[in-house]
Amino acid sequence: MLASVVVAPVLAATNVPAPPRQAGEGAGPFNRMVIRGAILIDGSGAPPRGPVDIVVERNKIVEIKQAGTPGLPLKPDREPRNFDYELDATGMYVMPGFIDMHVHASGDDKAPNMGYAYKLWLAHGVTTVRGVGLAPMDISLSEQRRSAANEIVAPRIFTCARPGEGAGWGKKPTDTPEAMRAWVRFGAKAGMDCIKFGIGVDQGPEAYKAALDEAKKLGIGTVTHHSQIGVPRMNARQSGEAGLGTVTHYYGHFESLLKNYKIQPVSPTYNFNDEQYRFGEVADIWNEIYEPGSTEWLDYLKFQKEHNVTFDPTMTIYLASRDLMRARNADWHDTYTMPQLWEFFQSSRVNHGSYFFDWTTRTEVQWRNFYQKFFRLINDYKNMGGRVTVGTDSGFIFKTYGFGYPEELELLQEAGFNPHEVIQAATLNGALTLYETKGMADPPIGQVRVGKLADLVIVKENPLQNFKTLYGTGTLRLNEQTQKLERVGGVSYTVKDGIVYDAKKLLADVAEQVKAKSASEAGLNRACRATEQPPAQAGRLLGRCRPCAGTM
């Protein structure tokens, strides 16, 4: 007798907007705020200096004053005294707010609402995000406006839309050059900042090139994920020649450097829609390309620099591919990863990026070899003057929002960037990329300088000494007095648009949300076991009870 199995339908995730900002969520902006006694890392690449006092009026930096002499006590009651708010940052480090150039917000299959990701980003010092896309175009633009008005607890948002998005477009196709140009004009009028391309099924090279051209005319940024479906006809070099602004991820680079082929060879059983093939075999390209330092390698990088292409490598998002166990057991999952996000991460034929169906040592070794070449590519590009930015793409592949950001900084240092270059990539380089398309060569964010917006990160530990201290969970250090390990670090304050957020409080808010959701789910599972039936309403979490202990 055959057992009857009911499979719950796969439901599309919905992006639930963040709740309104509540009283007590952030302080300010103030008519006049003074941040006292800090060491300044200004984002330009210049060495730290201090102590300084930073004066902010509403959301603008109006003065940076030397506050004393290193090694000597600071003078008490120093000017200015006419302030509404004073933040004692004596001995702390101030940097520009971090910019994450590749984000997606949390859908309800990962968290109750988009505010979950926003708070985790802010808690890690991220004051600006480029959504590629953040959510469907209309929701993204609405959240962008709410963030600009500080109606929600969120970083400032730049909206990248995908071709064909927007309720007003009416789902018309964008598969011809004419249609693509029309959609770009539609999106520009709606207020989008840039376009996210994933060329392949819907847009061929002709339509793609037309969109790049129209975007440049209208001051719209462009970023492309060179999918394996589209890269045989448009690799990163060809995109750069056509006017692309940013290459995100690694796709397209190595396909431009193939030594004996024009198309990467894959196994005869390869199936792009089977994600273990898609992500498992892509790293095999590391041994099919021209060697680092070769004429072909350097010619490719020079070509991209001449065409002003930005590289946004997002190395953190694929890190589980080279060490799955480490990613699964990261310090923050128990406290800060929502139960439904954790379930999304588990190996699944349905959820994008949950592709570890039978992950092998060989596959991880291939990925480790791939990373060595990718590190070299990114570092060589930086060294010849090419622009590199910081993006995370969190919410997939065991990467919880926010925590991927300091990990990407660590990876840039592993690639060969010195710590000052890492901070520059995380701040000024992102700002230049976002604003240059708008005709602004001197962006209002990305540096701590008089006249800039007050987007700041304030930390107790020296980030140049150890980027691990930027994780919300901090890092372990031996206390020489007690001879016991203790956790140190984490961002202390994030200032966005002149509003001071206590980063520890943001993390505590998220931890409470996770705890409440976990308790709710535990109750659901108890009811499940009592009735031996699936819950009537399991939401998008599982569609069934979790296995009881001892039933695996």
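For the chain, the solvent-accessible area works out to 43 Å² per residue, with a probe of 1.4 Å and every protein chain left in place. Do any of 119/517; 119/382; 196/452; 189/216 go past 22 Å between their Cα atoms, and which? Too far apart for the 22 Å limit: 119/382; 196/452. The Cβ shell under 13 Å around residue 363 holds other residues with a net charge of -2, Lys and Arg each +1, Asp and Glu each -1.
Largest first and in whole Å, give the semi-axes of segment 145-274's equivalent ellipsoid, each being the square root of 5 times a Cα gyration tensor eigenvalue. Can you show the working numbers first?
Values: eigenvalues 168, 59, 43 Å².
Sorted largest first and rounded, they come to 29, 17, 15 Å.
Which percent, to the nearest 5, of DSSP beta bridges fully inside the chain are antiparallel? Expressed as a percentage, antiparallel bridges in the chain total about 55. What the Cα atoms of the chain give is an Rg and a Dmax of 23.9, 86 Å.
Note that segment 1-159 shows a convex hull volume over its alpha carbon atoms of 178 Å³ per residue.
For segment 320-387, the convex hull drawn through the C-alpha positions has a volume of 127 cubic angstrom per residue. If you model segment 64-119 as an ellipsoid using its alpha carbon gyration tensor, with each semi-axis the square root of five times an eigenvalue, the axes come out at 40, 14, 10 Å, biggest first.
Hey, got the dipole for segment 355-404? About the Cα centre, +1 on K and R Cβ, -1 on D and E Cβ, debye to the nearest 20?
Working: 7 positive and 4 negative charges, 44 e Å.
That gives a dipole near 220 debye.
Rounded to the nearest whole Hz, the Karplus-based 3J(HN,Hα) values (6.51 cos²θ - 1.76 cosθ + 1.60, θ = phi - 60°) of segment 331-340 follow the sequence 4, 8, 4, 4, 9, 10, 8, 4, x, 6, with x at glycine and proline.
Using 20 Å as the Cα-Cα cut-off, could you pick out the over-long pairs in 110/399; 302/438; 110/172? Beyond 20 Å between Cα atoms: 302/438; 110/172.
Provide the FRET efficiency to the nearest 0.05 for the residue 413-residue 329 pair, computing r from the beta carbons and using R0 = 25 Å. With R0 = 25 Å, the Cβ-Cβ based efficiency is 0.65. Peptides 437-450, 166-179 ordered by packing proxy, namely the average of other Cβ atoms within 10 Å per residue, highest first: 437-450, 166-179.
Residues whose amide H lies under 5 Å from that of residue 392, counting only those 5 or more places away or on a different chain, are 101, 102; hydrogens are built 1.01 Å from N in the peptide plane. Counting only other residues whose beta carbon sits under 14 Å from that of residue 325, what net charge do I get with K and R as +1, D and E as -1? Residues near residue 325 contribute +1 overall. Think of the chain as having a plus end and a minus end, set by charges on the Cβ of Lys, Arg, Asp and Glu; of 501, 73, 220, 501 sits farthest toward the positive end of this dipole. Judged by the mean number of other Cβ atoms found within 10 Å, the most tightly packed of the peptides 250-257, 340-347 leads the ranking 250-257, 340-347.
Quote the charge dipole size of segment 71-146 about the Cα centre in Debye, to the nearest 20; the model charges only the Cβ of Lys and Arg (+1) and of Asp and Glu (-1).
Working: 8 positive and 10 negative charges, 24 e Å.
The dipole magnitude comes to about 120 debye.
Between segment 383-429 and segment 129-144, what is the C-alpha centre distance in whole Å? Using only Cα atoms to place each centre, the spacing works out to 22 Å.
Which value in Å does the Kirkwood hydrodynamic radius of segment 187-232 take, with 1/r averaged over all unlike C-alpha pairs and then inverted?
Details: mean 1/r = 0.0908 Å⁻¹.
So the Kirkwood estimate lands at 11.0 Å.
Basic side chains Lys and Arg get +1 at the Cβ, acidic Asp and Glu get -1 at the Cβ, and with that the dipole of the chain about its Cα centre reaches some 520 debye.
Dimensions of segment 381-439 along the principal axes, based on C-alpha atoms and rounded to the nearest Å, stand at 36, 28, 16, largest first.
First compute the accessible area of the chain with a 1.4 Å probe, then give the percent of it belonging to carbon and sulfur atoms.
Taking all protein chains in place, the chain shows 50 percent carbon and sulfur surface.
Around the amide H of residue 246, modelled in the peptide plane, lie the amide H atoms of 222, 223, 224, 310, all under 5 Å away and 5 or more residues distant in sequence or on another chain. If each residue of separation counts as 0.36 nm, what is the full-extension length gain between residue 478 and residue 218 once their alpha-carbon separation is subtracted? Gain on extension, residue 478 to residue 218, equals 88.1 nm. The order of the peptides 102-115, 469-482 by mean Cβ neighbours within 10 Å, most packed first, is 102-115, 469-482.
Assuming R0 = 45 Å, what is the FRET efficiency of residue 88 and residue 440, from their Cβ-Cβ distance, to the nearest 0.05? The computed FRET efficiency comes out at 0.85.
The values are calculated or read from the model by the stated rules, or taken from the named source; none is laboratory data. A quick note: this is a predicted structure, and the numbers were derived from the prediction, not measured. Note: ideal-geometry Cβ built from the backbone for every residue, glycine included; neighbour counts use all protein chains shown. Each accessible area value is taken on the protein alone, full model and side chains, heavy atoms only, with ligands, DNA and RNA left out. Shrake-Rupley method; radii C 1.70, N 1.55, O 1.52, S 1.80 Å.
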